[in-house]
Structures are given as structure tokens and as C-alpha cells.
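Below is one structure; the comments refer to it alone.
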Amino acid sequence: KRAIAKDLSAYDAMSKEVLLGLDTNKDFKTEYFKDPSELTKILSPWYDSTGIDVKNEDLKEVIGVIEKVKNGEVADLRKYKLPKDNGLFLQNELNRLDAEPAYAYEILKTKGVYSENITKKAYAVALAKGSYDKIKAYKIPQDIAEVNILVDRAVNDASFEISSEELFDLVNNEKFSEQDFIGFAKKLKNHLAPEQYKAFFERLKNENQEATEAYLYALYELGMIDEFREQLSLADGDEFEKFKILLFLRDNGKNVPASLLF
């Protein structure tokens, strides 16, 4: 009883040191405090597992699993039957998404099961690495950042399959600004054939007023100056001022790219 009382006092002192992130070297006389004292070290916000020496094999296995997940690896947690809102389970799912991008589809098609954090990560992985067919089966991207990811993939990734019609529907969003549409015009210039490029942004302009400047950008970059000039003649006051500057420079022998002003 005296040994247990001394160990209990030492354990309380050690717990304070652990929580404060201090080195602790308390020595315990009874077996009751051997593994608990080692496990208590994990409570430190500055926990370092290198000094943990647990004798119980089940506890040692659990610590190994925790370390594996903390290090970004994927652990098999099925035997522990953890709930889907458990912190260890959630981090392991995030690790799996990094290791197995295709796993994102498994999460996305199981609606209402996973936390919002996991679902968002799965959707981000799908946007960055998945096929467009599977992405749109879950949700058509509406956010400008999400759409830009797919436009960039269409331009830079030959393995990413998306039709011109799907690309058009993707960028034709009334929430996007003039600058957003000009950004698309810049990115798609070398992705679409000249006639296709012109038709794409002409149709976009006809369906979305905010895309008018993007159409002017496309005309200028394609060198269709007569049509470019005609479109500018319809402008009111100082509307499309930057494009008028480009035309003035061109008319005076200074053929500069539209990117100079945009």
C-alpha cells in the first residue's frame, strides 16, 4: 500500500511535467503504474513517441497504429470499429485519399456518411486527378477556383477528357466576372483551334454579358481586327477602354499582345 501511494504521488507529479512538455524521469515501484506512466507521456502536446516503452502488446499495437497514421500512412483500423467522426479514423481517411486518389469516388458516392471535411477533401482530389464523368456525376463545379482547376487540366493534361460542349457549360456561369472570363480566354487560346476559339467565346458572349470582354480578347489575339473594330464601335463612352488603347496602338504601328493590359 505504501508503494502504491508513493507511485500515485509520483504519477501525479509526472502528469504535470508531461502536460507542460518537460522531461520526466519518475521511477515507479509497482507494476500498476508501468504501462499507464508510459501512456501518459502521449498526453503531452509535444509528445515524442521515441521514448515510449509499453509492455502490453495490445497497447503497443495501438500506439504503432497511431504513429503510422500521424506519419501520413494508411493503417487498417477495421478491428477497432471506430465511429466515422473519430479523429484517428478521419485522419486515416485523409491519408488514404492522398495515397489512393480513386478512393475519392467511394466517399463521394456514399452521401451523408462522411464528415464535411472528408467529403471536401475527396472532392478536391477528384477535381485534381479524377475523370470529368465521375466528377460531374457527383456535382458540376460552380466555384471559380474549382472550374479553373478543370480548365487548367483541359489545357495541360492530355489524358483529361472533356468535350468542348462540357467545357462551355462549365465556364458559362452567371456568377463569374469579366476578369474570370478573360482568364478563360487566356488559358484556352492555344487549346482550341482558331475558329473553335472564336466561336466558343462568341457564343459565350451571346449567352453571358460578362463574357463580352473575353470575346474581344479572343478577336484581338486571333488578329480579327476588322471584327474587333466593329465590336468596339458599338461601345458606349469609355466602355472597353483598354481594348480601344490596344486598337490605337495597333493603328499606330505598335502591335502588342492583349496580355500587356490584361
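Wholly within the range 161-262, which helices (runs of 4 or more DSSP H) include no fewer than the required count, namely at least 2 residues that are aromatic (Phe, Trp, Tyr)?
In the range 161-262, the matching helices (runs of 4 or more DSSP H) lie at 178-188, 194-207, 212-221, 241-251.
Counting only residues that are under 16 Å from Asp53 (Cβ atoms) and surrounded by fewer than 16 Cβ atoms within 10 Å (Cβ to Cβ), which one in the range 1-28 is modelled with the lowest pLDDT?
The qualifying residue modelled with the lowest pLDDT is Asp23.
Looking at the structure I just gave you, is Phe168 over 20 Å from Asp143 (Cα atoms) and of a type outside the set (Val, Ile, Thr)?
no
Does at least one position in the range 209-216 carry a residue that is at pLDDT below 95 and assigned by TED's automatic domain parsing to the domain that holds Ile149?
yes
Got a sec? Which of Lys79, Lys34 is loosely packed, with under 10 Cβ neighbours inside 10 Å and either modelled with pLDDT under 80 or part of a helix (DSSP H, G or I) (or both)?
After ruling out the rest, the residue left standing is Lys79.
Of the residues Glu239, Glu174, Glu210, Glu165, only one is surrounded by 14 or more Cβ atoms within 10 Å (Cβ to Cβ), without any contact (Cβ under 8 Å) to a residue 40 or more places away in the chain and of a type in the set (Asp, Glu); which?
Unique residue meeting the criteria: Glu210.
Within the range 146-191, how many residues turn out to be touching a helix residue (DSSP H, G or I) at 6+ places or on another chain (Cβ under 9 Å), more than 15 Å from Lys205 (Cα to Cα) and either among the acidic types (Asp, Glu) or assigned by TED's automatic domain parsing to the domain that holds Lys120 (or both)?
Total meeting the criteria: 4.
Which condition number does Asn190 fail, the rest of (1) within 32 Å of the chain's Cα centre (by Cα); (2) at pLDDT 95 or above being met?
(2)
The values are calculated or read from the model by the stated rules, or taken from the named source; none is laboratory data. Predicted model only: the values in this text are computed from it and were never measured. Positions of Cβ are generated from backbone atoms using ideal geometry, with glycine treated the same way; all protein chains shown enter the neighbour counts.
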